[in-house]
Amino acid sequence: MYIGQVMKDMLKLQRPPSPPVVKLETRVDAEYGMPSTHAMAATAISFTLLLSAQERVKFPFELGLIVAVVLSALVCLSRLYTGMHSALDVICGVVISAVIMAVSYPYWGTIDYLQLHNPLSPIVGVVLPLFLSYKYPELDHYSTTRGDTTIILACCSGCSVGYWVNERLGLTFDLAGPFPVTLPPLTLAALGLGVARFLVGLGMLVLTRQTVRWASLRVLCQIYGASVSDVEARRRKAIEVPYKFSTYVAIGLVNSIMVNRVFVMMGLWDLGNSV
């Protein structure tokens, strides 16, 4: 995502003009178009899940491939339908993600191990994303790309540190093999627990976002002598980057450390029955 967002602001290729294109979104209209980061994210999420899951879960690879292609294609087509990207933007986004996955795939296991076990992992996991957020390319006008990129990096940072902390505290558990395992059938009880976990987890993350955002904005505005209601002041890098980074690091930490513990305390995660 960082590579895609930075490429947009370095290449500075405009989105499809309107008219003739009918744009159904306006929030990111000030952003440049090449490449489509929606296409990049959809491709990365679908195919990394496909490639990772086959080591753990037994399923027909052809079926998984079809699902990955359909899901990523739907997102890509939606960017054309909403008028936010050209076909070239979308194709380039897919190709960039494919290249990144192909180059990094042999090292996924090593990266995963270092993230969980290296003592420098939490330092790198915070300092590097924060550094990249502050060093994001400057434009001659305000764009949502820097803020959105900061949010993405901060979520990853919080989750990365959270997983490291869980490993240190012994709160993780090893799944029972041998792998790949066969998934149990989806029952009504399992579906109900899934819905309950979703609602509880969502509530915790929304509460975290609102609380930390409220506090961090007021502290930073107090430091820089700005009003919380001043939209232009909140767009300044000195305020936007730290308040968004702290807010979404907190969300990542709560998501990776606290949410699952709450599930267990509430009886919403029956690990013994693999629900």
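The values are calculated or read from the model by the stated rules, or taken from the named source; none is laboratory data. Because the structure is a prediction, the values reported are computed rather than measured. Please note: Cβ atoms are built from the backbone with ideal geometry, for glycine as well, and neighbour counts cover all protein chains shown. Heavy atoms of the whole protein, side chains included, go into the accessibility calculation; ligands, DNA and RNA do not. Shrake-Rupley method; radii C 1.70, N 1.55, O 1.52, S 1.80 Å.
Considering (1) under 19 Å from the mean Cα position of the chain (by Cα); (2) closer than 25 Å to residue 21 by Cβ, say which one residue 80 fails and leave the rest.
(1)
Among the residues of the stretch 95-123 satisfying the criterion of being open to solvent by less than 50 Å² (accessible area, probe 1.4 Å) and of a type in the set (A, V, I, L, M, F, W, C), which is nearest to residue 69 (Cα to Cα)?
98
List the helices (runs of 4 or more DSSP H) that sit entirely inside the stretch 23-123 and contain at least 1 residues that are aromatic (Phe, Trp, Tyr) and touching a helix residue (DSSP H, G or I) at 6+ places or on another chain (Cβ under 6 Å).
Result: 37-53.
Consider residue 143 carefully, then state whether it is assigned to a loop (DSSP other than H, G, I, E, B), out of contact with any His (no Cβ under 7 Å at 6 or more places or on another chain), of a type in the set (S, T, N, Q) and open to solvent by less than 40 Å² (accessible area, probe 1.4 Å).
So residue 143 fits the description; yes.
How many residues does the stretch 196-251 contain that are open to solvent by less than 70 Å² (accessible area, probe 1.4 Å) and hydrophobic (A, V, I, L, M, F, W, C)?
The qualifying residues number 19.
What's the total number of residues in the stretch 56-90 that are of a type outside the set (Ser, Thr, Tyr) and farther than 15 Å from residue 41 by Cβ?
Of the residues in the stretch 56-90, 18 are of a type outside the set (Ser, Thr, Tyr) and farther than 15 Å from residue 41 by Cβ.
When you go through 181, 212 one by one, which is the residue that is β-branched (Val, Ile, Thr) and at pLDDT below 90?
Only one candidate qualifies: 181.
Residue 254 fails exactly one of the following numbered conditions: (1) closer than 24 Å to residue 183 by Cα; (2) open to solvent by less than 60 Å² (accessible area, probe 1.4 Å). What is the number of that condition?
(1)
So the check is Cβ under 7 Å with 6+ separation or different chains; which pairs have a first residue in the stretch 141-157 that's under 18 Å from residue 125 (Cα atoms) and a second one that's assigned to a loop (DSSP other than H, G, I, E, B)?
Partner pairs satisfying both residue conditions: 149/1; 149/136; 152/1.
Hydrophobic (A, V, I, L, M, F, W, C), in the same structural domain as residue 8 (by the TED database), over 30 Å from residue 182 (Cα atoms) and at pLDDT below 95: does that describe residue 91?
yes
List pairs: first in the stretch 189-202 and under 15 Å from residue 258 (Cα atoms), second open to solvent by 40 Å² or more (accessible area, probe 1.4 Å) and in a helix (DSSP H, G or I), Cβ under 8 Å, 6+ apart or cross-chain?
As it stands, the answer is 201/255, since those pairs meet every condition given.
Out of (1) loosely packed, with under 12 Cβ neighbours inside 10 Å; (2) within 26 Å of residue 178 (Cα to Cα), the odd one out for residue 49 is which?
(1)
Can you run down the residue pairs with Cβ atoms below 9 Å, 6 or more apart or on separate chains, where the first is in the stretch 248-269 and within 16 Å of residue 168 (Cα to Cα) and the partner is assigned to a helix (DSSP H, G or I) and among the aromatic types (Phe, Trp, Tyr)?
Pairs found: 256/163; 257/163.
For the stretch 4-20, enumerate the residues that are open to solvent by 90 Å² or more (accessible area, probe 1.4 Å) and not polar (S, T, N, Q).
Within the stretch 4-20, 10, 12, 19, 20 qualify.
Could you check the stretch 93-123 and list, in sequence order, the residues that are in contact with a Gly (Cβ under 9 Å, 6 or more places away or on another chain) and small (Gly, Ala, Ser)?
The answer is 93, 97.
Out of the helices (runs of 4 or more DSSP H) lying entirely within the stretch 153-270, which hold 3 or more residues that are closer than 28 Å to residue 128 by Cβ?
188-224, 237-253, 259-265
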